[in-house]
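Notes to accompany the following structure.
The values are calculated or read from the model by the stated rules, or taken from the named source; none is laboratory data. Because the structure is a prediction, the values reported are computed rather than measured. Glycine also receives a Cβ, built like all others from the backbone with ideal geometry; neighbour counts cover every protein chain displayed.
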Amino acid sequence: MSEAQEILRIKNLKVGVDDKEILHGVDLVIREGETHVLMGPNGAGKSTLGNALMGNPKYAVTEGSAIYKGKDLLEMETNERASEGLFLSFQNPIEVPGVTLSNFVRSSMESCGVKLSLWNFKKEAKKQMEVLQMDPAYLDRDLNVGFSGGEKKKAEIFQLLMLHPALAILDETDSGLDVDAVKTVSTGVEEYQKSQNGALLIITHSTRILDALHVDYTHVLVDGRIAATGGAELIDRINSEGFEQFGR
Amino acid sequence: MKEKTFVDDINRSVYDVRDEEKDAYRIKQGLTEEIVLKISEEKHDPEWMREFRLKCLKIYNEIQVPDWGPSIEGLNMDDIATYVRANTDMKGSWEEVPEDIKETFERLGIPQAERESLAGVGAQYDSELVYHNVRKEVEEQGVIYTDFESALIGPYAEMVREHFMKLVPPTDHKFAALHGAVWSGGSFVYVPPGVKVEIPLQSYFRLNAKGAGQFEHTLIIVDEGADLHFIEGCSAPKYNVANLHAGCVELFVGKNARLRYSTIENWSKNMYNLNTKRAIAAEGATVEWVSGSFGSHVSYLYPMTILNGEGSHTEFTGITFAGEGQNLDTGLKVVHNAPNTTSFVNTRSISKGGGCATTRSSIVVNANAKGSKSSVSCESLMIDDISRSDTIPAMDIRTDECDIGHEASIGRISDDAVFYLMSRGLSEEEAKAMIVSGFADKVSKELPLEYAVEMNNLIRLEMVGSIG
């Protein structure tokens, strides 16, 4: 098997919030089309990694490097990272009154270099919404306003499918969802894996979303450090034995 | 590259082009009896109007400048020319309007809007109208839409005299008196009983002259069961001396009639906008105000509805955007003066770059207004931490049998929201503009499409350069 092209290489990344260091040096390499799972107990710094990679100004990178598609990711504005194909699905998607999901996604797509006529946009949007069992009426609703937890997460995955990023970071996308919603969201993620050959970094502390997904690598993050890396089999070990074994 | 396009789309220069003031008639600056008489003479006023002007001047000199709002110290009436007339009379076709003036209005999109979506247009340039035209179909419905000067001497002279400054008397406040003394230009509209005007009429006010004032008078009478949407737009190029706008709008809405009055105001930032607007609603009538305030250095603007007939209704939807160097004091007043009257108020204010936006609301429910309802909602958004936003509600309720609600919220644009939108590819500027447009959406939705677009463009224009 020939090595796929490397997309992201993180080296010794240290990240702090409000002068408190959360990540104490993380290394990670993600190649095209690979699915990585990042697990770990609450407070380990999982979301910190996702936010730092996307450039959330609240998270300060104090040391280390992140090379994305050959470029210094840390030098790029958040929107540049997005238009270069990096995507972060939010744990708590923000409500934006007065901006419809449809207008927002179209603007985002244009920023990311995809221009579709309104007709083709609607066609594509409806197709992806069908995968996610979303009512197309959501397109005309204000972004996340009055959406239930599950609807918000579906809307995030909908955007993922519309934007075709090269690497998607899913931050606790399965948290707070009922069994059916997890299944639907997981179907959407699978669609991204298979049809779009997208790479994934799935941040989660449960494993329900992973049941139906192909996983290449699993990393366990404990106290701001990657304590273990393995294949999909590591997930089962965590499920049966918990995180204790990794030094907690 | 992306950002460049974003800035180019909305170019302030369309508003900022100044025409040369060549061959214009310009009255000497200041405010004296001699000047008022001279304006009256230039305008061939009827006798009663000349006397009315002098009476107003007297009242003006007796009333103090308001001391409860933004400072108007930078406004010195001795420096203001109250009457400037371009070297043209009013035309009924754009072809005949002098080239430079026509070009200005074309840049502002007025002739195009007229062709596409308006039933009639009046275009005022400095103190007088330079263009006025009404669609034949609308004229045939019996709708009267003329410049104010023609109305004063035409077949509706008596009706005009009966209503002129009766709703806004010159004693109301200092700048109402000033208006009465030096007013010129504006429009008169009469919609006969039962006539529904399907598409809007529009007046556009352009103040080109430096150091001048504009004092147009708009009088609209919508008779029983009739229906009208009237739009006004205003703009001016920027100068480094003060300009003054003290217009007056009086709206009489008859039994079961409906009037919607929409304004997009984009005065330049050296303008003192001291405008007075008032409507009176008869039984079962509806008055709807839609108001977008973007321009001016200082504004005092509180459209008022008097719900004078049983079951009458008013709605006010307003947005104010105060940027750097602007102090915009806007709001509304409603007087419930009959049983079962209703008012519904929804305002949005945005302040940025050190701008100050104040929203004042005044709801009065008289003892006779039993069964009335009022709902007021005022929301403010501050873009940065050097800007200011205030909400000042006043309520005077004189009966227990009514249902009154008020809610206000003041917030800042959230970093989380900006980051969220940026994470999907929007630049910081675009993200903020989108949040602000969304915040204003409830108001823009009330406007006809073309104006909603203009309003969104103005918001984007104001947001550009807000970074760093």
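Annotations
- Among the residues of the range B:180-191, none qualifies, meaning not one is in contact with a His (Cβ under 8 Å, 6 or more places away or on another chain) and closer than 28 Å to residue B:323 by Cα.
- Against the list (1) at pLDDT 95 or above; (2) assigned to a loop (DSSP other than H, G, I, E, B); (3) within 23 Å of residue B:380 (Cα to Cα), the condition residue B:289 fails is (2).
- Among residues of the range A:46-64, those that are out of contact with any Ser or Thr (no Cβ under 9 Å at 6 or more places or on another chain) and either under 9 Å from residue A:88 (Cβ atoms) or among the β-branched types (Val, Ile, Thr) (or both), counted: 5
- Output for the range B:434-450, where each listed residue is in a helix (DSSP H, G or I) and within 10 Å of another protein chain (Cβ to nearest Cβ): B:434, B:435, B:436, B:437, B:438, B:439, B:440, B:441, B:442, B:443, B:444
- Boolean, residue B:453 is closer than 28 Å to residue A:109 by Cα, free of Cβ contacts under 8 Å to residues at least 40 places away in the same chain and away from chain A (no Cβ under 13 Å): yes
- Pairs are defined by a Cβ separation below 6 Å, a sequence spacing of at least 6 or placement on different chains, a first member in the range A:133-153 that is modelled with pLDDT under 95, and a second member that is among the small types (Gly, Ala, Ser) and part of a helix (DSSP H, G or I); the pairs so defined are A:150/A:181.
- Any hit, the range B:111-131, residues being in a helix (DSSP H, G or I), basic (Lys, Arg), free of Cβ contacts under 8 Å to residues at least 40 places away in the same chain and surrounded by fewer than 19 Cβ atoms within 10 Å (Cβ to Cβ): yes
- Among the residues of the range B:389-424, those that are of a type in the set (Lys, Arg) and under 22 Å from residue A:97 (Cα atoms) comprise B:412, B:424.
- Restricting attention to the range B:236-265 and to residues that are touching a helix residue (DSSP H, G or I) at 6+ places or on another chain (Cβ under 9 Å) and surrounded by 23 or more Cβ atoms within 10 Å (Cβ to Cβ), the residue that is nearest to residue B:312 (Cα to Cα) turns out to be B:252.
- Criterion applied to B:323, B:309 was being assigned by TED's automatic domain parsing to the domain that holds residue B:350, in contact (Cβ under 8 Å) with a residue 40 or more places away in the chain and within 27 Å of residue B:456 (Cα to Cα), and the one residue passing it is B:323.
- Scanning the range A:55-76 for residues that are within 14 Å of chain B (Cβ to nearest Cβ), part of a helix (DSSP H, G or I) and either without any contact (Cβ under 8 Å) to a residue 40 or more places away in the chain or in contact with a Lys or Arg (Cβ under 6 Å, 6 or more places away or on another chain) (or both) gives no hits.
- Some residue of the range A:154-164 being within 14 Å of chain B (Cβ to nearest Cβ), closer than 18 Å to residue A:211 by Cα and not in a loop (DSSP other than H, G, I, E, B): yes
- Whichever residue in the range B:357-390 is surrounded by fewer than 21 Cβ atoms within 10 Å (Cβ to Cβ) and β-branched (Val, Ile, Thr) and, among such residues, is nearest to the chain's Cα centre (by Cα): B:364
- Among the residues listed as B:417, B:431, the single one being in contact with a strand residue (DSSP E or B) (Cβ under 7 Å, 6 or more places away or on another chain), within 14 Å of chain A (Cβ to nearest Cβ), under 28 Å from residue A:159 (Cβ atoms) and buried (at least 18 other Cβ atoms within 10 Å of the Cβ): B:417
- Listed conditions (1) modelled with pLDDT under 95; (2) surrounded by 24 or more Cβ atoms within 10 Å (Cβ to Cβ) are all met by residue B:331, apart from (1).
- Screening residue B:380 against (1) within 11 Å of chain A (Cβ to nearest Cβ); (2) in contact with a Lys or Arg (Cβ under 8 Å, 6 or more places away or on another chain); (3) among the polar types (S, T, N, Q) leaves a single unmet condition, (1).
- Residues within the range B:292-313 that are within 15 Å of residue B:339 (Cβ to Cβ) and in a strand (DSSP E or B), tallied: 3
- When B:159, B:90 are checked against the criterion of being within 26 Å of residue B:46 (Cα to Cα), in contact (Cβ under 8 Å) with a residue 40 or more places away in the chain and in contact with an Asp or Glu (Cβ under 7 Å, 6 or more places away or on another chain), a single residue qualifies: B:90.
- Residue count for the range A:191-226, restricted to those that are over 20 Å from residue A:6 (Cβ atoms), in contact (Cβ under 8 Å) with a residue 40 or more places away in the chain and not charged (D, E, K, R): 10
- Residues satisfying the stated conditions in the range B:334-353, i.e. assigned to a loop (DSSP other than H, G, I, E, B) and at pLDDT below 95: B:352, B:353
- The helices (runs of 4 or more DSSP H) found wholly in the range A:77-133 and carrying at least 2 residues that are among the acidic types (Asp, Glu) and surrounded by fewer than 20 Cβ atoms within 10 Å (Cβ to Cβ) occupy A:118-131.
- Filtered residues of the range A:12-49 (kept if farther than 24 Å from residue A:207 by Cβ and among the basic types (Lys, Arg)): A:14, A:20
- Pick from the range B:73-99, criterion closer than 20 Å to residue B:179 by Cβ and in contact with a Phe, Trp or Tyr (Cβ under 6 Å, 6 or more places away or on another chain), ranking: surrounded by the most Cβ atoms within 10 Å (Cβ to Cβ): B:85
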